[in-house]
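Structure first, then comments.
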Ligand SMILES: [Zn+2]
């Protein structure tokens, strides 16, 4: 068997200890010898980033895999092979097709074990989330579609899609004109939403639904796609001037500021106050970096406790992140017992439960790739949640010890440890929001430093006590 040793260093890393090409080469060859693999071939990409697979030696390696010359790929670390989960997923698929194994010399990662295969499942899930970061090529193709008047993405309220063209939907159109009319008469978005809910229950009508519909330039025949505006892609309801007028009314009256798309709060909604158990709220702040550029940070604190004048800590996101990374390194699930299904009834219920689980995952994928609005997603998730919980209850009645599948949890933790630090902040946020329901923690108080500005109050760090996963 010939082992394909793949080595990569970026320009920045060339100077770093342990990352140099000779260092990686030496260790990987030693690894091969230790495993008893005598034949190997080196593929070295020097001064090249791992963000894309457009690397000459990587391509040679993949070609050699496809012609059957290489049956095992060995890397120093997974991130040498790729930094993109999506690319990893694609390449692992290719390796599997050509019966080629994959090994990382420093990580417990092996596609021939059950653990490794579960890992690939999670990688696939993560890859799905990367759909937002679609390749330039796909975005370009979609751009072209949109500018050609073809409809892409969610069909806006008031329209239907026929042969991928947007057409006016007269039944919903009546409501659209009614909403515009009421807005111009001085009604607030919330009042319009309440009114709509009374006369029409085709969706969940809340303040945000109305705003979303009235803010959509589809109303005047334009299409907004990936922050770009394509004009006159279809026939709208009102003129552009009229649409602008509606926008200025909404601007004047918006009670809640529009969501800042740049803000990413890693732990929004998941941190449980160590004092009262309520969810910590997040406040952003801006700070200046050494080069003078401004950056955004996030602080978390418990608003109810602060209101009750309890001693509250207001700590930055990084402290929680560091604590989570530490926690995940050592967490074990040995105390969770997994019992195999015993009878038919249980099997039947479990099947049903899995079906719903799959359906919910489908919704999540559709939502993540913008094929579904937030409202639709929430609604569908709520609908299925009831049934899901009912089934869970039934199952737990049959067998008292049934918690989340331990293997999945273990693999989730494994994936976290492999990938999390390498993900960008948006992906980290997706990871947390997708997998973590609640984080229980405590503050660890440190004695005040003599050098500190406030010598009476020391610094605090965070220790995570328990993480509840979905
Ligand atoms: Zn509290």
*Obtain the nm distance between the two label points defined at residue 251 and residue 361 by a simple spin-label model: each point lies 7 Å from its Cα along the Cα-to-C-beta direction.*
4.5
*Label point distance in nm, residue 167-residue 434, each placed 7 Å from Cα along Cα→Cβ*: 3.7
*Using the alpha-carbon centroid of each, what span in Å lies between region 161-179 and region 347-378?*
27
*Would you mind getting me the FRET efficiency between residue 329 and residue 212? Use the beta-carbon distance for r and R0 = 51 Å, nearest 0.05.*
0.80
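Bear in mind that the values in this text are calculations on the coordinates, not laboratory data. This is a predicted model, so every value here is computed, not measured. No Cβ is skipped: glycine too gets one built from the backbone with ideal geometry, and neighbour counts run over all protein chains shown.
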